[in-house]
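Bear in mind that the values in this text are calculations on the coordinates, not laboratory data. Note that this is a predicted model, so its numbers are computed, not measured. Cβ: placed from backbone, ideal geometry, glycine included. Neighbour counts: every protein chain shown.
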Amino acid sequence: MAFSVIGAGFGRTGTHTLNLALEMLGFGPCHHMEDVNSNPEHRDLIRAAGRREPANWDVVYAGYKSAVDWPTAYFWRELAEYFPDAKLILTVRNPEDWYRSARVTIFNTMGETADPQSFGRAVIETKIFGGRLDDETHAIEVLEAHNAEVISAFPPSRLLVCKVADGWPNLCAFLGVPIPAEPFPHSNTTTEFRNRFAK
């Protein structure tokens, strides 16, 4: 199976859960921000792409069948054009709940790195949110504008807008696969995220 699923949802909208679900459905390995953080070579490729240097997406996503979370959610438009047969999934969540979760997890970890060239600092904090991670109203406006832009760009045949709480039915129907016997996964709660980064 070729690279076939692009996750366009921001981090903390259920992307880690979607990662697990896609892998359970046979769309793995699934790329996630954790892959960037754990692979120096991969990290350099993503940083270069974040600077808008020409990106070889075949190299970036080599070996992966799907991708969710940042950095994929930042490059959704380029990836949709580069992989025209790939479907897109936009994970959504109550905006206030999303911000509360993001504020104490991913936004908090960005403040812990002194490297201004990290993808989190250079792209997520600076380019996406304009350096205003502490401004809840602004952050939610950015999230909602992003979601609206993605939704307006694709027909329902290519884009699924979903909440991970909805479970298997819509996801499996969209991807054309049977519903598995295993329960739908749920992963990476705020507590789990903070415990992982505390190690």
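Karplus-based coupling profile of the stretch 11-22, in residue order and whole Hz: x, 6, 10, x, 5, 5, 5, 4, 3, 4, 4, 4, with θ = phi - 60° in 6.51 cos²θ - 1.76 cosθ + 1.60 and x standing for Gly or Pro. Under the convention that each Lys and Arg Cβ holds +1 and each Asp and Glu Cβ holds -1, the size of the dipole of the stretch 23-167 around its Cα centre is about 180 debye.
Applying 1/(1 + (r/R0)^6) with R0 = 22 Å to the Cβ-Cβ distance of Asn39 and Asn108 gives a FRET efficiency near 0.45. Counting only DSSP beta bridges whose two residues both lie in the stretch 5-198, roughly 0 percent are antiparallel. Along the stretch 88-94 the Karplus relation, 6.51 cos²θ - 1.76 cosθ + 1.60 evaluated at θ = phi - 60°, assigns HN-Hα couplings of 10, 10, 9, 7, 10, 7, 3 Hz to successive residues, with x for each Gly and Pro. Only helices enter the 222 nm calculation for the chain: every DSSP H run of n ≥ 4 contributes -39,500 (n - 2.57), and dividing by all residues gives -12500 deg cm²/dmol, rounded to 500. The H on the amide N of Gln117, modeled in the peptide plane, is under 5 Å from the matching H of no residue at least 5 residues off or on a different chain.
What percent does the relative contact order of the stretch 5-198 come to when contacts are Cα pairs within less than 8 Å and at least six residues apart?
Values: 232 pairs, mean separation 56.1, N = 194.
Result for the stretch 5-198 is 29 percent.
At 25 °C and 0.890 mPa s, grab the translational diffusion coefficient of the chain from Stokes-Einstein with a Kirkwood Rh over Cα pairs, rounded to a whole number in µm² per second. Intermediate values should be presented prior to the final figure.
Details: Rh = 17.1 Å.
Translational diffusion coefficient: 144 µm²/s.
Residues whose amide H lies under 5 Å from that of Val161, counting only those 5 or more places away or on a different chain, are Leu90; hydrogens are built 1.01 Å from N in the peptide plane. The modelled label-to-label distance between Ile179 and Ile151, using points 7 Å beyond Cα along the C-beta direction, is 2.5 nm. The gain in end-to-end length when the Ala165 to Asp135 segment is fully stretched comes to 8.1 nm, 0.36 nm per residue minus the alpha carbon separation. Estimated from the Cβ-Cβ distance and a Förster radius of 45 angstrom, the FRET efficiency linking Tyr82 and His186 is about 0.90.
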